[in-house]
1. Going by what's in this entry, would residue B:49 be described as small (Gly, Ala, Ser), surrounded by 13 or more Cβ atoms within 10 Å (Cβ to Cβ) and in contact (Cβ under 8 Å) with a residue 40 or more places away in the chain?
2. Of these, A:58, A:100, which one is within 27 Å of residue A:313 (Cβ to Cβ) and not in a helix (DSSP H, G or I)?
3. So which pairs qualify, if the first residue must be in the stretch A:396-420 and over 15 Å from residue A:371 (Cα atoms), the second must be open to solvent by 30 Å² or more (accessible area, probe 1.4 Å) and part of a helix (DSSP H, G or I), the Cβ gap must be under 7 Å, and the two must be at least 6 apart or on different chains?
4. I need the full set of residues from the stretch A:155-171 which are open to solvent by 30 Å² or more (accessible area, probe 1.4 Å) and within 27 Å of the chain's Cα centre (by Cα), in order please.
5. Quickly run through the stretch A:227-251 and pick out the residues that are open to solvent by 10 Å² or more (accessible area, probe 1.4 Å) and in a helix (DSSP H, G or I).
6. Report yes if residue A:121 is under 21 Å from residue A:37 (Cβ atoms), hydrophobic (A, V, I, L, M, F, W, C) and open to solvent by 30 Å² or more (accessible area, probe 1.4 Å), otherwise no.
7. Against the condition at pLDDT 90 or above and within 14 Å of chain B (Cβ to nearest Cβ), how does residue A:94 come out, does it pass?
8. What helices (runs of 4 or more DSSP H), lying completely within the stretch A:343-458, carry at least 1 residues that are farther than 30 Å from residue A:263 by Cβ and among the small types (Gly, Ala, Ser)?
Amino acid sequence: MSAIITLSVLGILVLYLGIFNFKKVLLPVILLGLTVAFVLLATNTGNVLAADMHMLVFDAPARAFGCLLILITAGVFCLTPGNMEYATKFRQDVFGLMIFSLIGGIMMISYGNLITLFLGIETLSIPLYVMVGSKRSDLKSNEAAMKYFLLGAFATGFLLLGIALIYGATGSFDFRVIAEQCLTLQGNVSSWFEIGVLLLLIGLSFKVSAAPFHFWAPDVYDGAPTIVTTYMSTVVKIAGFGALVRFTRGGFPDMHVFGQFTFILAILTMTIGNFVATQQKSIKRMLAYSSIAHAGYMLIAIHCSTNASLVNIFIYAFAYSLASLVMFGVFMAIADKYELADIDSFNGLSKKNPLVAICAAIALLSMAGIPITAGFFGKYYIFASAIDSNYFLIVIIAMLNSLVSLYYYLKLIIAMFFKEGSNDVSEKIPALHYFVIFGCTALNILIGLYPNNLMMLF
Amino acid sequence: MQAALFYGLSIVAIMCACGVVVSRNPIHSVLFLILTFFSISGHYILMNAQFIALVNIIVYAGAIMVLFLFVVMLLNLNKESEPHKSDLVKIIAATSAGLFSLVLVGVLKGATLPAYEGMMDSENGLVKNLGRVLFQEFLLPFELSSILFLSAMVGAVLLGKKNVQA
Amino acid sequence: MMIFLVAFTKYLIPLIIQLLVVLGFVFTTVAASQYLGPKRKTAGKLESFESGLDAVGNARVPFSVKYFLAAILFVLFDVEIIFLYPWAVNFKELGWQGFVEMLMFIVFFTLGFFYVLKKGALKWDD
């Protein structure tokens with residue numbers, strides 16, 4: 001709770017620092033504030049406000065997910081120097097919105113009540129709609145914001161209808177009461193409840209861009225300023241899955257009723273994401289489809305809802321976000337300035353900047369799930385616990401999909417290492433970018449070497 | 001009496017909601033939407049929730065609808081420039097929407113709901129009780145919503161201001 | 001329910017009858033004048049009156065986004081005022097704690113308001 005207060009004060013502070021022309025200190029203040037929030041969240045052992053009424057519950061999984069969100073957001077902020085030129089005049093506005101949106105994300109991974117879930121999703125989304133459209137002179141950015149807003153509002157409608165039906169069936173928004181009702185009624189829960197849960201899942205799967213609710217994702221990822229795309233493909237994904245897994249593990253004994261729904265959702269998402277990604281020329285669109293595919297893998301853990309689902313999704317989201325940060329960092333450093341940044345813009349990177357090329361390669365291998373990277377263990381844990389609960393078919397499909405994904409990740413690696421690039425002078429990359437790229441890569445390999453240490457967070 | 005009012009209001013609400021979608025002129029759509037809001041406000045009054053009914057009229061039928069009219073004016077929609085979707089898209093959309101409503105009706109038709117005591121209290125919807133619930137049980141969401149409002153404010157200024165000053 | 005019925009028959013029925021008569025009179029006269037009056041439609045008569053000039057183009061022209069910005073900000077503060085009402089009704093019962101709660105909410109809004117002012121979002125000409 002104190003972390004949320006810190007972050008909201010930080011958001012206002014950033015807005016006012018911008019107004020009174022202290023733009024130089026913006027980034028240090030933000031990083032300091034995020035650190036304070038991180039520490040407060042990590043050491044928070046229970047609810048601070050007595051009047052909280054079980055609205056936000058900072059239990060161990062919520063703290064782990066929340067710290068991850070803050071960490072990744074700090075990474076995104078470190079990537080902003082040099083990549084916010086489009087917003088020189090209103091940089092503090094975008095920064096402030098990003099912090100407010102982070103608060104929404106933290107609410108989404110710690111809710112104990114359907115009202116706070118809804119409020120969290122809105123607090124995450126509304127600043128995001130604006131951030132996507134913050135490149136105001138760019139028609140593509142405007143279009144992306146419009147699309148995201150309209151479809152997001154539509155999905156929110158589904159979510160609200162779902163919440164209303166659940167309330168109608170159980171008479172409460174509180175998770176404890178809802179779970180209790182499910183237990184006492186033992187499978188005889190009113191069908192209002194079932195359709196309500198289904199609608200709620202639909203609303204959430206829109207936020208994590210699971211097929212067939214993914215149509216907005218490529219256009220929005222492509223049209224948004226790249227720094228916002230980075231934020232969306234990492235923080236928003238983590239928050240969405242944190243909310244999903246909290247919901248499915250929230251004490252409903254008969255969650256398997258929705259097995260069919262999540263089964264179809266997972267398979268469609270993986271397959272569509274991976275196969276369409278192979279056809280993409282633009283790197284940004286390719287990363288968008290690959291992020292859809294990754295949502296599919298994480299949906300497997302939602303589908304075979306076991307006690308391990310929480311930690312499996314956490315590790316997967318951690319690994320994926322680290323790799324994403326590196327990839328988008330490299331992309332912004334070398335390719336973002338081209339009108340249509342296709343795979344050829346990565347050509348010959350290993351000659352120009354071998355260290356960065358190696359980091360990018362490790363990130364791509366981690367996304368594909370090659371051993372000694374964090375991505376491998378992310379996939380391994382999810383698949384292993386799925387096999388443990390006898391979901392063979394979905395694991396086989398996921399394995400085949402990983403093979404497909406290797407194709408387009410390798411295409412980028414080949415472009416970096418084995419193709420001749422243009423001989424223009426190598427670009428200057430800000431020091432903070434190097435910090436993010438190297439730091440994330442190191443963390444990635446560290447998790448790959450000692451994956452068990454992450455489990456202790458739960 | 002109450003049942004008659006309920007059904008009357010429901011029919012008006014549904015007809016007007018259909019009118020919003022069907023009418024070609026966007027201004028007519030907005031006017032239909034206002035009618036829909038009014039009939040929903042009637043429902044709220046039937047449930048003895050006068051405050052919500054009034055808020056619905058002031059905020060939705062009043063303020064938000066003005067915004068909608070502004071949007072219609074800003075977009076400058078004309079009949080000629082209205083985009084036309086292909087028939088295939090229309091058929092797909094109609095089919096999926098129809099299937100979805102079929103599922104909803106099918107599920108909700110056979111549903112039985114347990115009766116709740118305490119929810120029949122006619123005092124429930126009054127402002128006093130609403131305030132008590134809002135400021136005690138739902139205090140945290142209430143305070144957190146101010147963050148949402150603030151970010152909406154910042155967003156509106158960011159997107160709407162012509163030359164954002166330094 | 002009984003009291004309601006008594007009140008209904010005693011006070012409301014005369015009112016309703018009067019309302020019906022008034023509305024009926026207005027609608028009949030307006031409708032009758034529409035049907036009984038002579039109509040000669042010529043192109044010149046159907047044109048909208050623009051001080052004798054020919055009307056050109058569409059009446060709906062796009063206008064400045066400034067109006068929209070002001071309207072959005074109005075809605076936000078409108079909602080804030082609405083939240084004040086249930087608090088005011090329970091003012092005594094909620095006491096100081098309620099006061100502090102509301103103060104936090106309003107401080108947030110005020111900070112936003114100053115931000116909007118500083119940004120010059122409400123300045124009309126720039």
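1. On the way: small (Gly, Ala, Ser): yes; surrounded by 13 or more Cβ atoms within 10 Å (Cβ to Cβ): yes; in contact (Cβ under 8 Å) with a residue 40 or more places away in the chain: yes.
Judged against the criteria, residue B:49 is a match.
2. Details: A:100 fails: not in a helix (DSSP H, G or I).
After applying the criteria, what remains is A:58.
3. Sorted first by the residue in the stretch A:396-420, then by its partner, the pairs are A:397/A:267; A:401/A:271; A:404/A:275; A:415/A:344.
4. Across the stretch A:155-171, the qualifying residues are A:157, A:158, A:160, A:161, A:164.
5. Initially, the stretch A:227-251 is screened for residues open to solvent by 10 Å² or more (accessible area, probe 1.4 Å), giving A:246, A:249-251.
Residue satisfying the conditions is A:246 alone.
6. no
7. Values: at pLDDT 90 or above: yes; within 14 Å of chain B (Cβ to nearest Cβ): yes.
Taking the combined requirement at face value, the residue satisfies it.
8. Working: elements: A:349-352, A:354-368, A:374-388, A:392-418, A:431-449, A:452-455.
Once the helices (runs of 4 or more DSSP H) in the stretch A:343-458 are filtered for at least 1 residues that are farther than 30 Å from residue A:263 by Cβ and among the small types (Gly, Ala, Ser), what remains is A:349-352, A:354-368, A:392-418, A:431-449.
The values are calculated or read from the model by the stated rules, or taken from the named source; none is laboratory data. Just so it is clear, the model here is predicted, and its values are computed rather than measured. We place every Cβ from the backbone using ideal geometry, glycine too, and count neighbours over all the protein chains shown. Surface areas here come from the heavy atoms of the whole protein model, side chains and all, with no ligands, DNA or RNA. Shrake-Rupley method; radii C 1.70, N 1.55, O 1.52, S 1.80 Å.
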